[in-house]
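For reference, the structure discussed in these notes is given below.
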Amino acid sequence: MFSNVFNRKAKENLAKEGNRLPQGQSLTDRFPVLHYGPTATYRNLDNWDLRVFGLVEEEKVWNWDEFNKLPRTNVTMDIHCVTRWSKFDTFWEGVSLKTLIEEGFIRPLPTAKFVIQHCEHGYTTNLPLDFMLEENILLATHYDGQPLTADHGYPLRVVVGSFADRTENKTAYFWKGGKWLRGLEFRASDELGFWERNGYNNEADPWREQRYSSGW
Ligand SMILES: Nc1nc2c(c(=O)[nH]1)N[C@H]1C(S)=C(S)[C@@H](COP(=O)(O)O)O[C@H]1N2
Ligand SMILES: [Mo]
């Protein structure tokens, strides 16, 4: 018990020296579950689809089989929750929006500047399109080699984190990754998501500790 705490503290200090742990965060080895409202559960994925709509040349609706034929990639990154835990070296597999756009699966109109993630039960979160094209953001189907668990967003969620050895990428606290993703909406103007309307900072950069919006 004590040695666990000690090890965690020691790791935290090392991490700080390596500039890997943002201010005000503590390292965890667990994977906490956090969301507002119920967990979405699916008996099967027969009726599941992902809708890509708004300012795109052509709207897309992919069913689960179609989604799984899209080009896949994986990424290892550190994740930072606004409730002050960070977890290092999380390994995700899924589909990169950057790749989908580069390979023409999604063709945003030039006027598209923001992407809204639409999730089950009405949860939304918003990011600029150029941010969604970073390599440290993924539409993830797998965590640590396994399909996502229901609590962590099965079958599809967005994840955003930071790289251990690079700081030039834009990054955000973990709430900017919607679990149980069902739609991506491309827009010219921003639209605040669920937590962003409820006091969280719209920029959400953990390196600048942008946790809450002013006035909260
Ligand atoms: N659909 C949905 N996605 C969500 C949330 C939510 O309430 N609903 N909460 C966000 C918050 S606040 C966090 S910290 C992360 C937590 O992800 P985890 O449960 O996999 O750790 O999910 C984010 N994605
Ligand atoms: Mo959160």
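Can you spot a residue in the range 170-177 that is within 27 Å of residue 38 (Cβ to Cβ) and assigned to a strand (DSSP E or B)? The answer is no; no qualifying residue exists.
Could you give every pair whose Cβ atoms fall below 8 Å, whose first residue belongs to the range 158-184 and is within 8 Å of ligand 1 (Cβ to nearest atom), and whose second residue is of a type in the set (Ser, Thr, Tyr) and open to solvent by 10 Å² or more (accessible area, probe 1.4 Å), counting only separations of at least 6 or pairs across chains? Cβ pairs passing all conditions: 173/200; 175/200; 178/123; 178/124; 179/123; 180/123; 180/154.
Evaluation of residue 104 against the conditions (1) open to solvent by less than 60 Å² (accessible area, probe 1.4 Å); (2) in contact (Cβ under 8 Å) with a residue 12 or more places away in the chain; (3) more than 9 Å from ligand 1 (Cβ to nearest atom) shows that the sole unmet condition is (2).
Checking the structure you have, find out if any residue of the range 145-155 is β-branched (Val, Ile, Thr) and open to solvent by less than 30 Å² (accessible area, probe 1.4 Å). No, the range 145-155 contains no residue that is β-branched (Val, Ile, Thr) and open to solvent by less than 30 Å² (accessible area, probe 1.4 Å).
Please tell me if residue 139 is of a type in the set (A, V, I, L, M), under 30 Å from residue 109 (Cα atoms) and not in a strand (DSSP E or B). Spelling it out, it is not the case that residue 139 is of a type in the set (A, V, I, L, M), under 30 Å from residue 109 (Cα atoms) and not in a strand (DSSP E or B). Restricting the search to the range 116-125, which residues are in a strand (DSSP E or B) and either in contact with a Pro (Cβ under 7 Å, 6 or more places away or on another chain) or more than 17 Å from residue 35 (Cβ to Cβ) (or both)? Within the range 116-125, 116 is the sole residue that qualifies.
The values are calculated or read from the model by the stated rules, or taken from the named source; none is laboratory data. Source: prediction; values computed, not measured. Every residue, glycine among them, receives a Cβ derived from its backbone with ideal geometry; neighbour counts consider all protein chains shown. Areas reflect the complete protein model, heavy atoms only, side chains present, ligands, DNA and RNA absent. Shrake-Rupley method; radii C 1.70, N 1.55, O 1.52, S 1.80 Å.
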